[in-house]
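The values are calculated or read from the model by the stated rules, or taken from the named source; none is laboratory data. Remember, predicted model here, so these are calculated numbers, not experimental data. All Cβ positions, glycine included, derive from the backbone under ideal geometry; neighbour counts span all protein chains shown.
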């Protein structure tokens, strides 16, 4: 099935390659905004959710390693971690390898919040991709992963962290 878009006069025409980049940006901005809105009910921002997801997969990573993974300034990461720690979602422990560094761990409350984040993320994906069948969603995800890989993006890390100053 050939994709199409509406022209200014309302007629359908095939979507051009030049429009694909715009559509990615348009849908990406919309998706990021809507995800942020959905996270508000958990009193989180997307940066918090992403940090917790990474820590859930890599318990005990150091603050420095997390900053490098995210591509963000360590000083800004400290502020985000302070916010999560003050809510009892993460804890800093002296690293086993180097007591001068802190290892980051989700607390029990943090693991519970991670489950809630997962529910919000699934709800978000269902709403965002409602126009597509399961098969189409899978194809879209595979195509977008190929684009992301070719562009050198780190899997599972939103490039917006690099802009957090």
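Quick one: which of 157, 120 is surrounded by 13 or more Cβ atoms within 10 Å (Cβ to Cβ), out of contact with any strand residue (DSSP E or B) (no Cβ under 9 Å at 6 or more places or on another chain) and part of a loop (DSSP other than H, G, I, E, B)? Show your work before the answer.
Values: 120 fails: part of a loop (DSSP other than H, G, I, E, B).
That would be 157, the only listed residue that is surrounded by 13 or more Cβ atoms within 10 Å (Cβ to Cβ), out of contact with any strand residue (DSSP E or B) (no Cβ under 9 Å at 6 or more places or on another chain) and part of a loop (DSSP other than H, G, I, E, B).
So residue 127 clears everything in (1) surrounded by 10 or more Cβ atoms within 10 Å (Cβ to Cβ); (2) within 16 Å of the chain's Cα centre (by Cα) except one condition, right? Which one?
Condition (2) is where residue 127 drops out.
Do any strands (runs of 3 or more DSSP E) entirely within the stretch 1-94 hold 2 or more residues that are at pLDDT 95 or above, and if so, which? Working first, answer last.
Working: elements: 4-6, 12-14, 90-94.
So the answer is 90-94.
Answer with yes or no whether residue 106 is farther than 30 Å from residue 63 by Cα, in contact with a helix residue (DSSP H, G or I) (Cβ under 6 Å, 6 or more places away or on another chain), touching a residue at least 40 places away in the same chain (Cβ under 8 Å) and surrounded by 12 or more Cβ atoms within 10 Å (Cβ to Cβ).
no
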